[in-house]
Amino acid sequence: MRGIYGLIKGFPDTIKHSWEDIEVPKLDSKIKRIVVSGMGANYNAALLLKEMLREEIRVEVYQRPFIADKDELVILLSYSGNTKEILNILDNLKTKNILVLTSGGELMQTAKKRRLPLIEVPVGLHPRFTFSECFFPVLKCLQKSGIIKKRDLLIKRILKSLEANEMLIEKEAKNLSLAIKDKIPLFYSTEYFYPVAYRFMSSLSEDDKIVCHANKITELFHNELEALPSSKFFPVLFVDNSEIKKFKFQLEYFKKHLNSFFYFGYEVYPREERIFLAFYLAYFLGFYLALIYKNKVPMGETPLSDEIKTK
């Protein structure tokens, strides 16, 4: 677990390295739409790209084969380069407007054979901690190509925010792990923060081997609220203030009908920075829950998922 703890503490360093050191190609700036495909951490990166870029360019996220238009950029993400679903998507794509991000495998071989734009990320990384390498080089590539506005100052602010809040985030993770213990965590978010809710659900499922649930907060207000007074659930809320205004009454009503829940704050920071503070919390929370549950399968190992991938 000491090695895992070091990887978690090093989250800001992975962001800095991924943004500054990984080489990216320059693409055609005339594209009008982006389609991103990835599984696991790569799917999470795709969801975040969709939300962060929503005011500049339309981004869709697919996990199955599709037909791309000539003015679309397809981004394929697979750290290992052997993700079957992504290889299947590539096999069915005829367009050359494809950006591939991988560390090797069949995906890299095919990309080089077809002379596709390629982002090569470092090999040998822990597969559970590759989010930065899968997300930030793509953002950098889109910036370099003139498809999106510059994000250099944003990256600096994100790193500064993570550094300033590391101890507080870790403390909150410790306290939240005790509150969640022996309960089913339910992660709800407004639209922009859905990648965070999904991140918590997928991370805790893999890291701590517990059942979780993630959904958008509008669904909570429509039906799932009826089940939440049960003491076996522990809701966690991630809210963007600009998106929650029209649901202010529902949110306050929801809070009054629960004995316990966690509301992610840090609202003095812009939402682009808050989203990475939340990711940091997810890493630490997974670690401290792992210490509590003492699972037979250590945090960071996914034997069942690994086995099914070979079938």
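A compact table of results
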{"quantity": "Number of positions in region 30-48 that are touching a Leu at 6+ places or on another chain (Cβ under 7 Å) and in contact (Cβ under 8 Å) with a residue 40 or more places away in the chain", "calculated": "7"}
{"quantity": "Residue 186 touching a Pro at 6+ places or on another chain (Cβ under 6 Å), within 22 Å of residue 201 (Cβ to Cβ) and crowded, with 16+ Cβ neighbours inside 10 Å", "calculated": "yes"}
{"quantity": "Qualifying positions in region 105-132 - surrounded by 15 or more Cβ atoms within 10 Å (Cβ to Cβ) and either in contact with a strand residue (DSSP E or B) (Cβ under 8 Å, 6 or more places away or on another chain) or among the β-branched types (Val, Ile, Thr) (or both)", "calculated": "105, 107, 108, 110, 111, 116, 117, 118, 119, 120, 121, 130"}
{"quantity": "Residues of region 10-29 satisfying the condition of being under 21 Å from residue 284 (Cα atoms), surrounded by fewer than 23 Cβ atoms within 10 Å (Cβ to Cβ) and in contact (Cβ under 8 Å) with a residue 40 or more places away in the chain", "calculated": "11, 12, 14, 15, 16, 17"}
{"quantity": "Matching residues, region 1-55, being out of contact with any helix residue (DSSP H, G or I) (no Cβ under 9 Å at 6 or more places or on another chain), within 19 Å of residue 133 (Cβ to Cβ) and part of a loop (DSSP other than H, G, I, E, B)", "calculated": "21"}
{"quantity": "Candidates 253, 263 - the one that is at pLDDT 90 or above, surrounded by fewer than 17 Cβ atoms within 10 Å (Cβ to Cβ) and in contact with a Leu (Cβ under 9 Å, 6 or more places away or on another chain)", "calculated": "263"}
{"quantity": "Filter result for the condition that a residue is part of a helix (DSSP H, G or I), closer than 30 Å to residue 72 by Cβ and either at pLDDT 85 or above or touching a helix residue (DSSP H, G or I) at 6+ places or on another chain (Cβ under 9 Å) (or both), over 225, 153", "calculated": "153"}
{"quantity": "Matching option when the condition is farther than 25 Å from residue 115 by Cβ, at pLDDT 90 or above and surrounded by fewer than 19 Cβ atoms within 10 Å (Cβ to Cβ), among 47, 7", "calculated": "7"}
{"quantity": "Among the residues listed as 37, 80, the single one being within 27 Å of residue 271 (Cα to Cα) and of a type in the set (S, T, N, Q)", "calculated": "37"}
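The values are calculated or read from the model by the stated rules, or taken from the named source; none is laboratory data. In this text, all values refer to a predicted model and were calculated from it rather than measured experimentally. Backbone-built Cβ (ideal geometry, glycine too); neighbour counts: all protein chains shown.
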